[in-house]
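The values are calculated or read from the model by the stated rules, or taken from the named source; none is laboratory data. Bear in mind the structure is a predicted one, so any value in this text is a computation, not a measurement. All Cβ positions, even for glycine, are placed from backbone atoms using ideal geometry, and neighbour counts span all protein chains on display. Surface accessibility is based on the protein's heavy atoms, side chains included, excluding ligands, DNA and RNA. Shrake-Rupley method; radii C 1.70, N 1.55, O 1.52, S 1.80 Å.
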Amino acid sequence: MDAWEELVTAALLGTDRRPPAPPAGEDGPGGGGGTRAAAGSGAVVDAPAALLDAAALHTVRRRAGLLPGPAAASPEPAPADGRRPLPGPARRRLGLLLAGRSAPAPSGGRRGVTPDLAELLPQWLAVANEHGYKAPASALPALLDAARARTDLRPQALAFAGPRGLWLAGLNPEWKFALRAGRAGVTLPDAGDGEAVRGLWEEGLFAERIALLAAVRAADPAAGLALLRSTWTTERAEDRLMFLDSLRDGLSGADEEFLEEALGDRGRNVRSTAAELLSALPASALAGRMAGRAASCVSLDRTEGAAAIVVEAPHECDAGMLRDGVAPAPPAGRGQRSWWLGQLVEAAPLSCWPARFGGRAPEEILSLPVADDWRGELHAAWCRAAVRQRDVPWSRALLGPPAAPPATGPGTSSLAERAKLLSILPDGERADWVAGFVAAHGLSEAFQLLGVCAVPWAEPLGAAVIDALDIARDAGSYPWSFSGVMGLAERCLSPEAGGQLESLAAQPAAPEEASPGAGGYWSEAFRRLLSTLRLRASMHAELAGRPSGEPVG
Amino acid sequence: MRWTADQVLALAPDDASRRAGSKLGTAGPWSGTGSGDGAVWGLCRGSGSTPYRTVVDLTGPGYRCSCPSRKFPCKHALGLLLLWSGGEPAAGSSEVPGWAGQWLEQRRGRAAASNARGTAGGPDAPADPEAARRRAGRRAARITAGTEELERRLADVLRGGLAAAERSGYGPWEETAARMVDAQAPGLAQRVRELGSIPGSGPGWPVRLLEECALTHLLDRAWLSVDRLPDPLAATVRTRIGLPAPADGTPVRDHWLVLAQYDSSEGRLTTRRIWLHGRTSGRTALLLSFGAAGRAPELALPVGVVIDAAVTPRPGAGAPRADLDTRFSAPAPLDAPPPGGSVGEALSVYGSALRDDPWLESWPVTLAEVVPIPTDHGWQLADAVGGESLPLSGPALARPGLWRLAALSGGRPVTVFGECGHRGFTPLAAWSADAPGETVPLH
């Protein structure tokens, strides 16, 4: 036992029980018993002081003599990031947005006139990424924390964080999500470097392998598929599913053979995903088989004079249908036969229908009466097919005119389905359609539809939304009845809409008695909208490297 | 130069103000804003009919707002500074309005007057030196009685054993700490409170408790013979006991780089530490300021700027404590970090400083060309060449600044300023080679 341990032991037990060793330096080996005797009765009073003296000496000596330790192995440095650094004002803005991130949204309807910074962060990130800036290193932890808290931020935040963000995430278990999702940051070998590709494919992390597959496929679809085939049977079921799902980008007829094989996969989800992908290839054999089955169920009936559609739903789900991905068991509350019919029509290529209905165009087909209450079922299946096959004419026809009352539209009365159909239409047409819908039906049902429009909103759409808000105010509503749309407008209105808003924000809270306080709340809401638009304009200017604070509207 | 949002937010007295200030940092509620002559001003629309009038004197910084908030700076001042940090309003964008100009003039007039007084050394001198001497004598006697009592308490603890002291809990320590407050020895009271918390501090506590008991004992003994100690050491002992030491050194005018600013709270008292590095003198100075009862300390400097100012060192050979005197201009941007050394040099600097002040926990140093490295037992800072390292201290490992440091480094050498001591290194600010003018705060 060395002198210091001796002191600690004595201190723990107490000098009454364990008189201390003499001061360090006079201590000789084997002197234990003798020294204790020497510290006997006469010295007992001073024993604690002697111990503390010795301990003080030791403590200061140890601290003064501290030496460096050996260095551990350095981590592999973060890969270089060739993107441009942010301009100063944009850098400061990012600091503000990340600092405002943690501010909780106030409960209740009233939010004052200040913009919600957390809502602007996604947009800021998107624009920064478009400009090709790299994230400032010191902002990476806050950025990763923000992405951890909000999954909707992740793709943009991780892209912005870049290779260094991914490197950092590898050191902190709290940021593991970035390694799973971080396709942006992986450094991939050249797609033509067969050996390196092979190596990464066999030893890489899952995220790296997914990214590698995408890269190789982009350069040479056949090589990508060959890579996937090479290990397909040894992959875990959930990995097979993810790999298969990643084929969605750049799907082509060349993938058909592989997907056909996957129809016989062990995993049920793998099979159904393969079937879904095949049905999105209108020329595939599966699509052809489904077209045959669907056509045998849906036909044109002329016997009653005017043409009408007659539906005869399948009576069984045979082995062929099962193999082609039809799910045999309906969810609770749905009939088996209509469930099977829906899946057949959804997976059949839309191109097979004009021939089936005497050369009619989609609009004409949709306007045909349908016998025996099958209309809803049939149209809903066509909606799903249009979305899956990204078919613009069918989507347009299924949506019908925007001003038509929602319940009587040709395709579907479900807003979620409509939002999906809208997302197939070109940007401009989409905005016009939603503008027409808002003008005809107001804002109360428009939220989902507004969400699929391109940002910033095109002029007619922005104008329609602002008009509708103004009308809602005149009707005596409170602004928080529209807080969802308001929030969207803050993020999506074009800064040019500021001019139209200016007069609304300034409008005095005159008919105060009409709806208690509503006028003031509306003016506040419009002022907040306006200040958010100004802030977004500054954000864009800063990121573009222009001086900020430019006039808006 | 404009401060960054981080620099502004570091001035906030608490999290709630930080959040409230962030929300006001946009043009929305503001009107009549302007900046120039080292100040920013504006009108902020609140819930009432008249907007609040907010002015910030950037050379202080000092704040003035007509709002009723007792926070300092208030959310309006923070919001205004954030707005300004975001590029609005443009410098020299308008005339200083009367209400702002008046306050600025008064404030700057007062500052000039107090500086003049400070250099003359006049009114601060006690009116009756004889009475002051008698008061000092009475206090010294009380402290002496206090140290003797503390010695008896330590002796009792050591006689019965630390293991027994652990079982008796915090109560007896709390009682002794209260006695030290009565004895007008706040330094000893603080020490005793820390002794009481050591048994609950995790594995290895007996060693730590013995070390700290021993150093407290050393301080008691030093006080009891303070008259026979050499002057600098005697001054250190008085400061450690908790006797106020007036700043009576020669003021040092220099371009001081603001390295770090951080607060810690002990009960109701908030202590703010600001580390400065003198460009020409090479000195490092610590400014301490205090805020009682939930108020933030008044002195606040934005980290990462250079101020042209005079600083008066306080006596006490060990601590590099000083007072900020005259500031000659508004803060300027920094171009390069302070010069630094290796981890071995940092430890030997700390070791040498212990000669003058054996109670030193740590010493301010700048490490150049070091790489933060994660290990199984926490993180270390290692020389980029030379293979030597220092562990990061426990508190440093628990702070978000650790990850900013790692991010800034990216596995490559950086310059790091911090406190180097027997518990390891606590990083407070860092600079990368890519952006040597950007100070990244790590607290």
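Of the listed peptides A:337-343, B:220-226, what is their order by residue-averaged count of other C-beta atoms within 10 Å, with the highest listed first?
Details: A:337-343: 21.0, B:220-226: 18.9.
Descending mean neighbour count gives A:337-343, B:220-226.
Give the angle, between 0 and 90 degrees and rounded to the nearest 10, that separates the Cα long axis of helix B:205-224 from the longest principal axis of the Cα atoms of chain B.
90
Go ahead and run the numbers for FRET between A:Thr9 and A:Ser230, Cβ-Cβ distance against an R0 of 56 Å, rounding to 0.05.
0.30
Between B:Asp231 and A:Val452, what is the FRET efficiency for a Förster distance of 51 Å, r being their Cβ-Cβ separation, to the nearest 0.05? Don't skip to the end; give the middle numbers.
On the way: r = 79 Å, r/R0 = 1.54.
About 0.05, to the nearest 0.05.
What angle do you read, to the nearest 10 degrees and between 0 and 90, between the alpha-carbon axis of helix A:221-231 and the longest principal axis of chain A?
60
Between B:Ser329 and B:Asp248, what FRET efficiency follows from the Cβ-Cβ distance if R0 is 30 Å, with the result rounded to 0.05?
Efficiency at R0 = 30 Å is approximately 0.70.
Select from B:Pro244, B:Pro297, B:Pro372 the residue whose mean-square fluctuation is largest in a Gaussian network model of chain B (Cα-Cα springs shorter than 10 Å).
B:Pro244
Which of the aspartates and glutamates could a cross-linker span from A:Lys176 if the Cα-Cα distance has to be under 20 Å and same-chain partners fewer than 8 positions apart are dropped?
A:Glu76, A:Asp145, A:Asp152, A:Glu203, A:Glu208, A:Glu238, A:Asp239, B:Asp376
When you look at the Cβ of every residue in B:153-164, what mean number of other chain Cβ atoms sits within 10 Å?
Average per residue, whole number: 6.
Over all residues in A:4-13, what is the mean tally of Cβ atoms on other chains that come within 10 Å of each residue's Cβ?
Going residue by residue through A:4-13 and averaging, the value is 5.
Ignoring ligands, DNA and RNA, please state the percent of accessible area on the protein assembly as shown from carbon and sulfur, probe 1.4 Å.
So the carbon and sulfur contribution to the accessible surface is 54 percent.
Quick check: the angle from helix B:186-197's long axis to the longest principal axis of chain B, C-alpha only, nearest 10 degrees?
70
Using amide H atoms built in the peptide plane, which far-off residues or other-chain residues are under 5 Å from B:Trp379 H to H?
Counting only residues 5 or more places away or on other chains, the set is B:Leu392.
If the chain between A:Ala218 and A:Arg546 were fully stretched, how many nm would it gain, using 0.36 nm times the residue separation less the Cα-Cα distance?
114.5 nm
Modelling each spin label as a point 7 Å along the Cα-to-Cβ direction, I'd like the B:Arg355/B:Ala384 distance in nm, to one decimal.
3.2
Note down the relative contact order for chain B as a percent, whole number, built from C-alpha pairs under 8 angstrom at least six residues apart.
On the way: 807 pairs, mean separation 46.7, N = 443.
Relative contact order for chain B comes out at 11 percent.
Tell me the net charge near B:Leu334. Cut-off is 10 Å between Cβ atoms, B:Leu334 excluded, with +1 for each Lys or Arg and -1 for each Asp or Glu.
Details: positive: B:Arg279; negative: B:Asp335, B:Glu438.
That sum, taken over residues with Cβ under 10 Å, equals -1.
Quick check: pseudo-label points 7 Å beyond the Cα along Cα→Cβ at B:Gln190 and A:Ser252, how many nm apart are they?
Output for this residue pair reads 7.3 nm.
Do you know the relative contact order of chain A, to the nearest whole percent, from alpha carbon pairs under 8 angstrom that are 6+ apart?
Values: 680 pairs, mean separation 54.9, N = 553.
Computed over chain A, the figure is 10 percent.
Report, ordered by chain and residue number, the lysines lying within cross-link reach of B:Lys75, taken as a straight Cα distance under 20 Å and ignoring same-chain residues fewer than 8 apart.
B:Lys23
Count the DSSP beta bridges whose two residues both fall in the protein assembly as shown, then state the antiparallel fraction as a percent rounded to the nearest 5.
90
So what is the relative contact order of the range A:231-352, in percent, for Cα pairs below 8 Å that sit 6 or more residues apart? Don't skip to the answer; put the middle values down first.
Values: 138 pairs, mean separation 30.4, N = 122.
Relative contact order comes out at 25 percent.
Evaluate the distance, in nm, between pseudo-label points positioned 7 Å from the Cα of A:Asp427 and of A:Ala327 along their respective Cα→Cβ axes.
Between A:Asp427 and A:Ala327, the label points sit 3.5 nm apart.
Tell me, which longest segment in chain A has none of the GluC sites (Glu not before Pro) that fall in DSSP loops with at most 14 further Cβ atoms within 10 Å?
A:27-303
Okay, helix-only estimate at 222 nm for chain B: each DSSP H run of n ≥ 4 adds -39500 (n - 2.57), divide by all residues, round to 500 deg cm²/dmol; what do you get?
-12000 deg cm²/dmol
Please give the average number of partner chain Cβ atoms lying within 10 Å of the Cβ of each residue in B:203-212, rounded to a whole number.
Rounded to a whole number, the mean comes out at 4.
Mind telling me which of B:Cys420, B:Cys67, B:Cys44 comes out most flexible in a GNM of chain B, alpha-carbon contacts under 10 Å?
Judging by the Gaussian network model, the answer is B:Cys67.
How much accessible surface does A:Asp81 have with a 1.4 Å probe, in Å² rounded to 10?
About 40 Å², ignoring ligands and nucleic acids.
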